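Colleague: This is the structure, below, for whatever I ask next.
Where a number appears in this text, it was derived from the coordinates with a stated rule and is not lab data. It should be emphasised that the depicted structure is a prediction, and the values quoted were computed from it without experimental measurement. Neighbour counts are summed over all protein chains in view; Cβ atoms, including those assigned to glycine, are modelled from backbone coordinates with ideal geometry.
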Amino acid sequence: MLKNISLILILILSLNSCSKKEVEYEPKDKVDPYQLYKEGFEAFENADYFFAEKKFTEAELNFETVDFAAKSAIMSSYSLYGINFYSDALANLERYLKKYPADKNVMYAHYLIAIIHYEQMTDERKDLKPLIDARNKIEFFLKEYPNSDYAIDLQFKNDLIQNQLAAKELYVAKYYISTQKWVPAINRLKVIVKDYQQTIFIEEALHRLVEIYYYLGLEQEAQKYAQILGYNYNSSEWFEQSYKVFNKDYEIKKRVKPEDNKGLFKKIINKIK
């Protein structure tokens, strides 16, 4: 009986060893990474980003030179970005930064990360996270590479983000005003005054604070914000609105529209003639 069991075990072991030999991996001939990169770049130039990404990835795996492997990784990431595979592109860029921290294209990788986050922004009334993520990445880049060629573009985009974030605060503040929830409305407006002074919404935020404080009987606070508004924006329509809060008889002058200016200009020209 024991003999039979031994024979069975030997047979099983021999079969296992045979099967292992049959499936052993046999390395293929090494692929030329330069040819892979060339094919990827040609596809990239023709906007065939699917095929380009595949070739750049293969090239990275086959390059022995670190610089060329890193370049392939960057091109692979850009190809993913080109087909709007944002999550995959970001993951690939983060991997690149960890694997090739000394590569000469690190700055461009950070720029591309910022751009991807920026392009994923949605309506500020629905979700703030994409805006905040984009702002954080852009501000990181501007801090690290303030004098780069990409900094001007990202500074412009950052200004737009700041305006959108301020718009969100004002949108919520107006909702609270409409429901007479004065404290949260004031808090939202103060965020604009504190954090978004350079945006186009600062003037209205100051005026709304004047209105609320005056309505609540806190005239000293109302006057404080009216003075800030008047000192910095005394030619704005919001300052006129605030002035009227304290001077009920004041009539807000009708502002001349650009087309009215054109008509006036024509009259002047005719008189000169």
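Colleague: Return the subset of Lys129/Lys224; Lys54/Lys99; Lys190/Lys244; Lys137/Lys181; Lys55/Lys143 for which the Cα-Cα distance in this structure is over 28 Å, preserving the input order. Mind showing how you got there, number by number?
Modeller: On the way: Lys129/Lys224 33 Å; Lys54/Lys99 19 Å; Lys190/Lys244 22 Å; Lys137/Lys181 34 Å; Lys55/Lys143 34 Å.
Pairs exceeding 28 Å: Lys129/Lys224; Lys137/Lys181; Lys55/Lys143.
Colleague: Hey, for a label at Lys244 modelled as a point 7 Å past Cα toward Cβ, could you say which residues of the range 145-189 have their backbone N under 19 Å away?
Modeller: Under cut-off, by backbone N: 178.
Colleague: For the range 24-174, calculate the relative contact order in percent as a whole number, restricting contacts to Cα pairs under 8 Å that are 6 or more residues apart.
Modeller: Values: 151 pairs, mean separation 20.8, N = 151.
Value for the range 24-174: 14 percent.
Colleague: Using a Förster radius of 25 Å, what is the FRET efficiency between Lys104 and Leu128 based on their Cβ-Cβ separation? Nearest 0.05, please. Display every interim value, and only then the final one.
Modeller: Working: r = 35 Å, r/R0 = 1.41.
Approximately 0.10, to the nearest 0.05.
Colleague: What are the ³J(HN,Hα) couplings of the range 163-174, residue after residue, when phi is run through the Karplus curve with 6.51, -1.76, 1.60 and θ = phi - 60°? Round to Hz, x for glycine and proline.
Modeller: Rounded to whole hertz, the list is 5, 5, 5, 5, 4, 4, 4, 5, 4, 5, 4, 5.
Colleague: Give me the distance between the Cα centres of the range 45-89 and the range 93-154, rounded to whole Å.
Modeller: 19 Å
Colleague: Here's something else I'd like to know. Taking θ = phi - 60°, what integer Hz values does the Karplus form 6.51 cos²θ - 1.76 cosθ + 1.60 yield along the range 92-99, in sequence order, with x for Gly and Pro?
Modeller: Once rounded to whole Hz, the list reads 5, 5, 5, 5, 4, 5, 6, 7.
Colleague: Using a 7 Å offset from Cα along Cα-Cβ at Leu160, what residues in the range 193-207 end up with backbone N under 18 Å from the label point?
Modeller: 199-201, by backbone N distance to the label point.
Colleague: From the backbone phi of the range 40-48, what are the Karplus-calculated ³J(HN,Hα) couplings (6.51 cos²θ - 1.76 cosθ + 1.60, θ = phi - 60°) in whole Hz, Gly and Pro given as x?
Modeller: x, 5, 5, 5, 4, 5, 8, 6, 8
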